[in-house]
Amino acid sequence: MHSGSIRTGYTSHMAAHETEIKSSTSIVPCFLFVELVLMAGTVILSYHFEYTDTFPVHTQGFFCYDSTLSKPYPGPESTSRAPPRLLYPLITVLPIIMILLGEVISVLTHPHWKSREKVIACGDCCFFNPLLRRVVRILGLFSFGLFCTVIFAGAVQTVTGNQTPHFLSVCRPNYTALGCVSHIQYVSTPHACTGDPVLIAEARKAFPSKPAALGAYSAVYTMMYVTLVLRIKGSRLVKPSLCFAILSPSWLLSLLRVAEYRNHWRDVLAGTIIGSAIAVFLVTSVLNNFGSSSGSRPEELEKPLQDPQLNPVPPLPPPPTREKAMALRPLMSLDPPPCLVPVTPDVLIPSNCMTSQV
C-alpha cells in the first residue's frame, strides 16, 4: 500500500513536470511587429542587391593587357557546372531537411527532451508547442542569416567593384583608342568598354564571391548543428563523416568558381570567410549553441528526478563529544612528546623517546 502511494506520487510529479506551461504576452507581438519586419526588410534589401540596379557598382579601372583579367568568358551562370538551379536548392533545402530530421530524432530518442523547452501560452487561445518553437527559431534564424549573407556580400561587391578574371573578354576595350602602349598603363575612363553593359556590370562583382559565401554559410551552420545537437553513442566516426560530407559541396563549389574563371582565389576565400563568420556568430551568440531559450544546461536537465521517499538521504553522524575528542587527541598526534634524558648531571638534552629511565 505504501509503495503504491509512492509510485502514484512519483508519476504525478513527473506528469506535472512534463506539462509545465509558461505564460507570455509578448511573444506574438514581438514576432509580428519586430521579427517579421526585420525579416521582410532583409528580404527586400537582398532582392535589390541581387536583381536590380538600385545600388550602382563602383567603376574601377584596369591595366592595359592585364593577364589576370584576360581569361576567356565562361558563359552565363546557367552554363556552369554548379548552376543556380542546383546551387540554391542545395544551399537551402538540404540544411532544412537535416535540421528537421535532427529535431525529430531528438524528440524520439531523448526521454527528457520536453524539459528543455516549455509550452508558451499567449492568452487563453494560443499555445506554442516546444518542438514548433525550437524548429521555427532555428530555421528562421538560418533564413535570416542567408539573406544577411546576400546583403553583406552584395554591399562589398558594390563598394569595391573588383573585376572577374574574364573582365577584359566581356569589356572589349579599344586599346588603340585608349592609347595603350605598355602593360603598366592604367585606364580609368568610365566608357572604356565597348561590350554588353549587362555582362560588364556582372563582371564587376567579383569580390567577394557570393556563391562561395552562401555555400560556406549553409555548410558551417549545418555542420555546427550536427556537431552540437546530434548525440550518437557507440561511434566516433559518424559526426566527422557527416561534417566532411556537408563541407565537401562548399569546397567543390569554391574550386569550380576558380577553375571556370568566374572568380579569383582571393574572392572565393573572402566569401568563405564572410559566410563562415556569419554562421558562427548566429549559432554562438544568438542561438547559444542551439541551447534552450531558458538557459538551462542539458546536463542538469537530463538528470532523473529523485523522490525523497524512494531514495532517503542517510542521516549525518552526530558530532563527537568533548570527552571522546580529548581521548582521541593524543592518538592523532604524529610525533611523540619530547622527554628529557639526563646524560650528565649538569646537561639535559631533549629527545623523542617515549620513556626516560636513568
What is the local net charge at Thr227, summed over the other residues whose Cβ is closer than 13 Å to its Cβ (Lys, Arg +1; Asp, Glu -1)? +3
Computed ³J(HN,Hα) along the range 146-163: with the Karplus parameters 6.51/-1.76/1.60, θ = phi - 60°, integer Hz and x for glycine or proline, the list is 4, 5, 5, 5, 4, 5, 5, 5, x, 5, 5, 4, 5, 6, 7, x, 5, 8
Determine ³J(HN,Hα), in whole Hz, for all residues of the range 210-222 in sequence, where each value follows from phi through the Karplus function 6.51 cos²θ - 1.76 cosθ + 1.60 and θ = phi - 60°; x replaces Gly and Pro. 5, x, 5, 5, 5, x, 5, 4, 4, 5, 5, 4, 5
Quick calc: nm separation of the 7 Å Cα→Cβ label points for Leu36 and Phe55 -> 2.7 nm
Going by amide H atoms built from the backbone, whose H comes under 5 Å of the H on Val187, apart from near neighbours? Phe62, Phe63, Cys64
If each residue of separation counts as 0.36 nm, what is the full-extension length gain between Ala177 and Tyr47 once their alpha-carbon separation is subtracted? 43.0 nm
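When the chain is fully extended, how far beyond the present Cα-Cα distance does Ala201 get from Leu230, taking 0.36 nm per residue of separation?
Stretched fully, the Ala201-Leu230 segment lengthens by 6.0 nm.
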Rank these for me by crowding, Val170, Val283, Val238, going from fewest to most other beta carbons within 10 Å. Val238, Val170, Val283
For the pair Tyr186 and Tyr261, the simple spin-label estimate (label points 7 Å beyond Cα toward Cβ) gives in nm 2.6 nm
If I take R0 = 30 Å and measure r between the Cβ atoms of Ser78 and Ser143 in this structure, what FRET efficiency does the formula 1/(1 + (r/R0)^6) give, to the nearest 0.05? 0.75
Counting Lys and Arg as +1 and Asp and Glu as -1 over every other residue whose Cβ sits under 13 Å from the Cβ of Gln60, the net charge comes to +1
Estimated vicinal HN-Hα couplings, Hz - the range 255-269 in sequence order (Karplus 6.51, -1.76, 1.60; Gly, Pro = x): 5, 5, 4, 7, 5, 8, 6, 9, 8, 6, 5, 5, 5, 5, 5
With each pseudo-label sitting 7 Å past Cα toward Cβ, what's the Ser70-Leu269 distance in nm, one decimal? 2.5 nm
Based only on other Cβ atoms within 10 Å, what is the fewest-to-most ordering of Arg172, Arg85, Arg262? Arg85, Arg172, Arg262
Ordered by fewest other Cβ atoms within 10 Å, a rough proxy for footprinting exposure, Asp66, Asp267 read Asp66, Asp267
Cβ-based net charge around Gly140, under 15 Å, with every Lys or Arg adding one and every Asp or Glu removing one: +1
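None of the figures in this text is laboratory data; all of them are computed from the coordinates on show. Remember, it's a predicted structure, so these values are computed and weren't measured experimentally. Cβ atoms come from the backbone with ideal geometry, glycine included; neighbour counts cover every protein chain shown.
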